[in-house]
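Participant: Let me begin by handing over the structure; questions about it come next.
Read-outs: derived from the displayed coordinates by stated rules, not from any lab. A quick note: this is a predicted structure, and the numbers were derived from the prediction, not measured. So basically every Cβ, Gly included, is an ideal-geometry build from the backbone, and we count neighbours across all protein chains shown.
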Amino acid sequence: MKKILIINGNPKKNSFSDAIADAYCKMLVKLGADCINITLRDLDFNYNVLDNNTKQIVEPDILKMKEHIVEASHIVFVYPDWWGTYPALLKAFIDRTFVNGFAFEYQKGKALPKKLLIGRSARVFVSMDTPKWYYKFFYGKPGHNSMKKSFLNFIGIKPVKFTIFTPMRYTSDETRAGYLKKVGEIAAKDFKAIN
């Protein structure tokens, strides 16, 4: 059975990101999948990259996450859109975890590094208040471009599919329940696609 890793990058407790991650994992478990649901705010690690030459101490939580990433066939990222991209917590996790020698490897004489995480797909759930059309045409989808092009595709993860839930502010419980029902349906489709 292929493993699926969920990475929740929302630093706030009891957030809608938590509900999304739980709904996705709940459906996978129902289907018999091996699902690991991780909330980054529960991990203990230094958010800052202090040394690019791999001399920095790698905390146990980061080492464990690397194991989960290697074992996963499909990785799900869940986070709110803040200032057009994602929370600092998620950025810090990416900086500290997906490093040279693990996610990619520089090659002498070549402009682009070798991609080390080929063979995995990704789903990205983003909650926001900005209308989809405004985010796309006026902002240029900065968060999506960063996640897909500058990060996930750069290390070999593809395809990358996005699901946006907006608006979040002032939405009713009924609307949010509808969003979570959609999450379950997407989880079932993703499970079928990777098996």
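Participant: Specify the angular offset, from 0 to 90 degrees and rounded to the nearest 10, of the alpha carbon long axis of helix 16-30 from the longest principal axis of the alpha carbons in the chain.
Facilitator: 90 degrees
Participant: Please list the non-local residues whose amide H lies under 5 Å from the amide H of Leu43, H modeled 1.01 Å from N, same-chain partners needing a gap of 5 or more.
Facilitator: Sorted by chain and number, the residues that satisfy this come to none at all.
Participant: May I ask for the net charge around Thr39, where only other residues with Cβ less than 12 Å from the Cβ of Thr39 are counted and Lys, Arg are +1 while Asp, Glu are -1? Before the final figure, lay out the partial values.
Facilitator: Values: positive: Lys12, Lys13, Arg41; negative: Asp18, Asp22, Asp42, Asp61.
Neighbourhood net charge equals -1.
Participant: Once amide H atoms are built 1.01 Å from N in the peptide plane, which residues 5 or more positions from Val76, or in another chain, come under 5 Å H to H?
Facilitator: Residues meeting the amide H criterion: Leu5, Ile6, Ile7, Arg123.
Participant: Starting from 0.36 nm per residue, how many nanometres of slack lie between Lys189 and Arg169 once their C-alpha separation is accounted for? Please report the intermediate quantities before stating the final value.
Facilitator: Working: separation 20, 0.36 × 20 = 7.20 nm, distance 2.77 nm.
Contour length minus the Cα-Cα distance gives 4.4 nm.
Participant: At most 16 other Cβ atoms within 10 Å and a DSSP loop assignment: could you name the trypsin sites (Lys or Arg not before Pro) in region 120-195 that fit? Numbers along the way, then the final one.
Facilitator: Details: sites: Arg120, Arg123, Lys132, Lys136, Lys148, Lys149, Lys161, Arg169, Arg176, Lys181, Lys182, Lys189, Lys192; in loops: Arg120, Arg169.
Passing sites in region 120-195 are Arg169.
Participant: Residue by residue through region 121-128, what is 3J(HN,Hα) from phi via Karplus (6.51 cos²θ - 1.76 cosθ + 1.60, θ = phi - 60°)? Round to whole Hz and write x for glycine and proline.
Facilitator: In residue order, the calculated couplings are 10, 9, 10, 10, 9, 10, 9, 7 Hz.
Participant: Taking every pair of alpha-carbon atoms in region 3-194, what share in percent sits in each 10 Å bin, from 0 to the bin with the longest distance?
Facilitator: 8, 35, 38, 15, 3, 0
Participant: Further question on the same structure: On a full-extension model of 0.36 nm per residue, what is the gain between Asn100 and Lys132, subtracting their alpha-carbon distance, rounded to one decimal in nm? Numbers along the way, then the final one.
Facilitator: Details: separation 32, 0.36 × 32 = 11.52 nm, distance 3.39 nm.
That pair, Asn100 and Lys132, stretches by 8.1 nm at full extension.
Participant: Assuming R0 = 45 Å, what is the FRET efficiency of Lys158 and Asp42, from their Cβ-Cβ distance, to the nearest 0.05?
Facilitator: Numbers: r = 28 Å, r/R0 = 0.63.
Result of the calculation: an efficiency of 0.95.
Participant: Further question: In sequence order, what are the phi-derived ³J(HN,Hα) couplings for region 2-11 according to the Karplus relation 6.51 cos²θ - 1.76 cosθ + 1.60 with θ = phi - 60°, rounded to whole Hz, with x for glycine and proline?
Facilitator: 6, 8, 10, 10, 9, 10, 8, x, 8, x
Participant: In the Gaussian network model of the chain, springs joining C-alpha atoms below 10 Å, which of Phe77, Phe137, Phe98 carries the largest mean-square fluctuation?
Facilitator: Phe137
Participant: Arrange the following residues from fewest to most other Cβ atoms within 10 Å of their Cβ: Asp22, Asp44, Asp190. Display every interim value, and only then the final one.
Facilitator: On the way: Asp22 17, Asp44 8, Asp190 21.
Fewest-to-most ranking of Asp22, Asp44, Asp190: Asp44, Asp22, Asp190.
Participant: Enter the Cα centre distance for the pair region 70-146 and region 151-195, rounded to the nearest angstrom.
Facilitator: 15 Å
Participant: Per-residue HN-Hα couplings for region 71-77, Karplus 6.51 cos²θ - 1.76 cosθ + 1.60 at θ = phi - 60°, whole Hz, x for Gly and Pro?
Facilitator: Per residue, the Karplus-derived 3J(HN,Hα) values read 7, 7, 9, 9, 10, 10, 10 Hz.
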